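The values are calculated or read from the model by the stated rules, or taken from the named source; none is laboratory data. The shown structure was predicted, so the numbers you read here are calculated from the model rather than taken from an experiment. Note: ideal-geometry Cβ built from the backbone for every residue, glycine included; neighbour counts use all protein chains shown. The area values use the complete protein model at the heavy-atom level, side chains included, leaving out ligands, DNA and RNA. Shrake-Rupley method; radii C 1.70, N 1.55, O 1.52, S 1.80 Å.
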Amino acid sequence: MSEQASMAWFFQERQREEAVSRILLLPQTGQRVAVLAAAAGQGKTRILQQVALELRGAACDAVLVSLAGIGVLGALRRIVAAVSRSQHDALALLKADGLLSDLIAALRGRRSCGGTTLLLLDDLDPAVPEVGVLLQLLMPLADDPSCGLSLVCATTGAVPGLLSEQGALRVSVSSLSAADSESFLRGAMARRKTKEDYLDDESVQLLAAAAEGVPRRLMQICELLQVHAEVWTQVQPSAEDLYELLAHLALPHADRQDRGVALRESA
């Protein structure tokens with residue numbers, strides 16, 4: 001990997017470490033709500049997992065819950081189960097008000113024993129209407145000192161309006177620049193001992209643009225390119241090969257006209 005690509009990767013690791021530190025300090029800052037914003041593949045889940053690991057055994061109990069593919073009731077069930085770790089009345093589990101009462105009781109019980117709770121909500125999608133309802137239920141609990149609750153919402157989209165209105169602390173992980181992405185791809189290919197002319201400049205630009213600065217996507221692209229190089233004896237991939245690769249990874253297809261990339265025709 002080139003020195004420039006290595007520095008870019010190191011910079012992103014430092015960003016993630018800083019994000020973990022800022023979230024860990026949230027309960028001590030007086031702010032009760034934070035938003036962890038980053039593109040898919042930037043390591044949001046890993047950041048939340050690291051926060052939970054750092055707080056293991058501490059007075060502040062970290063609870064990590066994924067909201068992927070579930071509604072308000074499903075989310076509340078997961079949160080209540082994670083926070084209270086006890087059995088619940090079957091009827092209460094069917095009603096939001098019963099779940100909310102159980103959650104409040106569990107939070108206050110922990111607070112009365114000197115503990116606090118850091119609720120880490122992963123995969124929060126602002127485009128889902130029920131997300132707003134869930135936040136309306138949880139935000140008052142974060143403002144209630146008797147609950148001792150701090151809330152962290154991880155999202156790939158825009159920050160939900162309610163969180164912006166409440167002045168939530170914003171923690172971000174930025175993407176690699178186009179130049180750093182291109183350097184990363186070239187460095188990765190060189191490290192894998194592919195031929196120097198295996199990718200021309202236009203191909204590198206296309207692939208870097210499709211990755212949108214996300215390290216995980218760049219790594220996936222490099223892995224598939226390596227397979228292509230081994231199977232086809234390092235024959236330079238055609239435009240069609242590159243588009244098939246992007247389709248396989250479900251990455252955006254760079255438009256030749258819109259992006260101004262004049263890829264050569266199939267070899």
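Listed values, structure above:
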{"quantity": "Total residues in region 26-36, condition in contact (Cβ under 8 Å) with a residue 40 or more places away in the chain and open to solvent by 40 Å² or more (accessible area, probe 1.4 Å)", "calculated": "3"}
{"quantity": "Residue match in region 156-166 (condition: among the aliphatic types (A, V, I, L, M), under 24 Å from GLY43 (Cβ atoms) and open to solvent by 10 Å² or more (accessible area, probe 1.4 Å))", "calculated": "yes"}
{"quantity": "Flag for LEU137 being under 23 Å from GLY69 (Cβ atoms), open to solvent by 20 Å² or more (accessible area, probe 1.4 Å) and modelled with pLDDT under 85", "calculated": "no"}
{"quantity": "Residue ID - modelled with the lowest pLDDT, chosen from residues in region 167-180 that are crowded, with 16+ Cβ neighbours inside 10 Å and in contact with a Gly (Cβ under 8 Å, 6 or more places away or on another chain)", "calculated": "SER175"}
{"quantity": "Pick from region 241-250, criterion modelled with pLDDT of 85 or more and more than 17 Å from GLN205 (Cβ to Cβ), ranking: most open to solvent (accessible area, probe 1.4 Å)", "calculated": "GLU244"}
{"quantity": "Residues that are outside any helix (DSSP H, G or I) and either farther than 25 Å from SER175 by Cβ or of a type in the set (Val, Ile, Thr) (or both), drawn from region 199-241", "calculated": "VAL214, TRP232, THR233, GLN234, VAL235, GLN236, SER238"}
{"quantity": "Hey, ALA39 over 17 Å from the mean Cα position of the chain (by Cα), small (Gly, Ala, Ser) and either under 13 Å from LEU151 (Cβ atoms) or not in a helix (DSSP H, G or I) (or both) or not", "calculated": "no"}
{"quantity": "VAL204 being open to solvent by less than 10 Å² (accessible area, probe 1.4 Å), of a type outside the set (Gly, Ala, Ser) and at pLDDT below 85", "calculated": "no"}
{"quantity": "Top-ranked residue in region 210-224 [being surrounded by 20 or more Cβ atoms within 10 Å (Cβ to Cβ) and among the aliphatic types (A, V, I, L, M); ranked as modelled with the lowest pLDDT]", "calculated": "VAL214"}
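Matching residues to (1) surrounded by 15 or more Cβ atoms within 10 Å (Cβ to Cβ); (2) in contact with a Cys (Cβ under 9 Å, 6 or more places away or on another chain); (3) modelled with pLDDT of 90 or more; (4) farther than 19 Å from VAL131 by Cα:
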{"site": "SER2", "(1), (2), (3), (4)": "yes, no, no, yes"}
{"site": "PHE10", "(1), (2), (3), (4)": "no, no, no, yes"}
{"site": "ARG16", "(1), (2), (3), (4)": "yes, no, no, yes"}
{"site": "ALA38", "(1), (2), (3), (4)": "yes, no, no, no"}
{"site": "ARG46", "(1), (2), (3), (4)": "no, no, no, yes"}
{"site": "ILE79", "(1), (2), (3), (4)": "yes, no, no, no"}
{"site": "SER86", "(1), (2), (3), (4)": "no, no, no, yes"}
{"site": "LEU100", "(1), (2), (3), (4)": "yes, no, no, no"}
{"site": "LEU107", "(1), (2), (3), (4)": "yes, yes, yes, yes"}
